[in-house]
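Worksheet: one structure, shown below.
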């Protein structure tokens, strides 16, 4: 079995998803809060999507990290790298499962770690975040991360209205 990377920040641990994360993941994807990330889903659809998250790691060698607080293994959400078949560019995405965890900088802290990992370790040449129209909280986070909207960028699904926010490449990075 491959040992996947673990990223740590001041408050958080980001690790690859494990089967024990399924219940929190599935519960979130059944709610209306998941409307900007493919939901709401039936329990079976959410289970299949959780399998896709794990499979992405196996196929690509990277994926969305499960985010936990240091000292706890309770999943707060998923944040990280996403590049499924047909995606125009490599993406950084973020989802927090519980609204009580919003407004604390958790998604930003996790995203910053993933952005650095994408540039420095994965060697990505470009990085975007695809954000559904109406997902104002994600737009605000993208802007706080220094992203700018790229109206010329390709989108994954032309039938769905999404905004593309481009992450700035660090100066001096090859």
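The values are calculated or read from the model by the stated rules, or taken from the named source; none is laboratory data. Keep in mind it's a predicted model, so treat the numbers as computed, not measured. All Cβ positions, even for glycine, are placed from backbone atoms using ideal geometry, and neighbour counts span all protein chains on display.
Reported count of residues in the stretch 138-154, each being in a loop (DSSP other than H, G, I, E, B) and either within 14 Å of residue 92 (Cα to Cα) or within 16 Å of the chain's Cα centre (by Cα) (or both), is 3.
Results for (1) in contact (Cβ under 8 Å) with a residue 12 or more places away in the chain; (2) more than 24 Å from residue 86 (Cβ to Cβ); (3) surrounded by 15 or more Cβ atoms within 10 Å (Cβ to Cβ), shown as yes or no for each residue.
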residue: 113; (1), (2), (3): yes, yes, yes
residue: 119; (1), (2), (3): yes, no, yes
residue: 130; (1), (2), (3): yes, no, yes
residue: 154; (1), (2), (3): yes, no, no
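Quick one: how many residues across the stretch 125-137 are in contact with a strand residue (DSSP E or B) (Cβ under 9 Å, 6 or more places away or on another chain), part of a loop (DSSP other than H, G, I, E, B) and under 16 Å from residue 154 (Cβ atoms)? The qualifying residues number 2.
Taking the conditions (1) within 15 Å of residue 78 (Cα to Cα); (2) surrounded by 15 or more Cβ atoms within 10 Å (Cβ to Cβ) in turn, residue 5 satisfies each one other than (2).
With respect to the stated conditions, residue 93 fails to be exposed (fewer than 14 other Cβ atoms within 10 Å of the Cβ) and either in contact with a strand residue (DSSP E or B) (Cβ under 9 Å, 6 or more places away or on another chain) or over 18 Å from residue 5 (Cα atoms) (or both). Filtering the stretch 53-64 for residues that are closer than 20 Å to residue 10 by Cα and either at pLDDT 95 or above or surrounded by fewer than 18 Cβ atoms within 10 Å (Cβ to Cβ) (or both) leaves a non-empty set.
Between 108, 140, the distinction of being farther than 26 Å from residue 172 by Cα and free of Cβ contacts under 8 Å to residues at least 40 places away in the same chain belongs to 140 only.
Would you say residue 74 is touching a strand residue (DSSP E or B) at 6+ places or on another chain (Cβ under 7 Å), in a loop (DSSP other than H, G, I, E, B), more than 23 Å from residue 123 (Cβ to Cβ) and without any contact (Cβ under 8 Å) to a residue 60 or more places away in the chain? Judged against the criteria, residue 74 is a match. Against the numbered list (1) modelled with pLDDT of 95 or more; (2) farther than 24 Å from residue 50 by Cα; (3) not in a helix (DSSP H, G or I), residue 122 comes up short only at (2).
Within 23 Å of residue 20 (Cα to Cα), in a loop (DSSP other than H, G, I, E, B) and modelled with pLDDT of 95 or more: does that describe residue 88? When the stated conditions are applied, residue 88 does not pass them.
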